[in-house]
1. Going by the conditions given, is residue 41 among the polar types (S, T, N, Q), touching a helix residue (DSSP H, G or I) at 6+ places or on another chain (Cβ under 7 Å) and open to solvent by 10 Å² or more (accessible area, probe 1.4 Å)?
2. With respect to residue 166, determine if the residue is under 17 Å from the mean Cα position of the chain (by Cα) and of a type outside the set (Ser, Thr, Tyr).
3. If a residue must be in a strand (DSSP E or B) and either surrounded by fewer than 17 Cβ atoms within 10 Å (Cβ to Cβ) or hydroxyl-bearing (Ser, Thr, Tyr) (or both), how many such residues does the range 152-170 contain?
4. For the range 191-226, which positions are part of a helix (DSSP H, G or I) and touching an Asp or Glu at 6+ places or on another chain (Cβ under 8 Å)?
5. Looking at the range 1-17, which of its residues are surrounded by 20 or more Cβ atoms within 10 Å (Cβ to Cβ) and either assigned to a strand (DSSP E or B) or within 16 Å of the ligand (Cβ to nearest atom) (or both)?
6. Which residues, counting only those in the range 77-121, are within 21 Å of residue 216 (Cα to Cα), open to solvent by 40 Å² or more (accessible area, probe 1.4 Å) and either in a loop (DSSP other than H, G, I, E, B) or among the β-branched types (Val, Ile, Thr) (or both)?
7. Considering the range 212-246 alone, what residues qualify as being more than 14 Å from the ligand (Cβ to nearest atom) and open to solvent by 10 Å² or more (accessible area, probe 1.4 Å)?
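The values are calculated or read from the model by the stated rules, or taken from the named source; none is laboratory data. Predicted model only: the values in this text are computed from it and were never measured. With ideal geometry, Cβ positions are generated from the backbone for all residues, glycine too; neighbour counts draw on all protein chains shown. Note: areas computed on protein heavy atoms with side chains; ligands, DNA, RNA excluded. Shrake-Rupley method; radii C 1.70, N 1.55, O 1.52, S 1.80 Å.
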Amino acid sequence: MNRKYRKTIIAGNWKMFKTPSETRAFAEELKSSLPRAKRCSIALCVPYVDIPAAAKILKDSRIAVGAQNVHWASEGTYTGEISADMLADLDVKYVIVGHSERRQLFLENDLLVNRKVHAVLDAGMNPIICVGEDWDQRQIGVTLELISYQIRTALAGVTPEQMRHVVIAYEPVWAIGTGNTATPEQAGEVCSAIRGVLRKLYGARIARSTTIQYGGSMNENNAEALLAQEDVDGGLIGSASLKVESFLKIIQIANQE
Ligand code: PEP
């Protein structure tokens, strides 16, 4: 990480875990145990139904509330869907877009991800755009090309001014929920390549100030080495964000001087 130029962001992705009551208990405990140092930003991306509980307890705290998905349209006949304005109205600050579980299980493609990125930005929130290769793609050596394509497509039409709100998360699919973490060097290499793509698209100043997280089995034991990489500016954390103790340890590591 490099705090001189960009924010370090530790974000939890709870996926489909925890009820509103469990959310209340977690948020109270996390809020009361945060370290004093404020060197990293913190977000909790919770299931839709948990947002009101999280927002109520975390209001006036330094923990932002995030969502894990959004619909691309502003409103309409989309039974079961949730719009960006609905989320913004609940004080949601971050929205995960293009998570690999959505891409794999719900067939979301890069063009849809781009529409969702615009919906989030238009509603005044910050998209966390997930990109990453699967194991076969890494083996045949197309990781950097694939990620460059994912980034370019997700950001099509996003203006330099809007880039202030964009967060990128490099999440190798083979490392998500598997316990297989990318080595710090692998994570650093891809995050630095992502910054290179941003430099070509938006110039050096914007590339330097964009937060690029790593996600994929990050936990309290490997966070320090991953965050020591110059281009890894935080983490998107799944299973280790479900327990206050492990999530807090990662926050403490990201807060170290
Ligand atoms: C994720 O869901 O974004 C994630 C990184 O999960 P895990 O930390 O469990 O691999």
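1. So residue 41 fails the test.
2. Yes; evaluated as a whole, the condition is true for this residue.
3. Counting residues in the range 152-170 that are in a strand (DSSP E or B) and either surrounded by fewer than 17 Cβ atoms within 10 Å (Cβ to Cβ) or hydroxyl-bearing (Ser, Thr, Tyr) (or both) gives 1.
4. Answer for the range 191-226, where residues must be part of a helix (DSSP H, G or I) and touching an Asp or Glu at 6+ places or on another chain (Cβ under 8 Å): 191, 192, 194, 195.
5. 9, 10, 11, 12, 13, 14, listed by residue number.
6. Hits for the range 77-121 are 106, 107, 109.
7. 224, 225, 228, 229, 230, 231, 244, 245
One line per residue, one yes/no per condition, for (1) under 17 Å from the mean Cα position of the chain (by Cα); (2) of a type in the set (A, V, I, L, M, F, W, C):
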residue	(1), (2)
43	yes, yes
48	yes, no
69	yes, no
78	no, no
98	yes, no
106	no, yes
110	yes, no
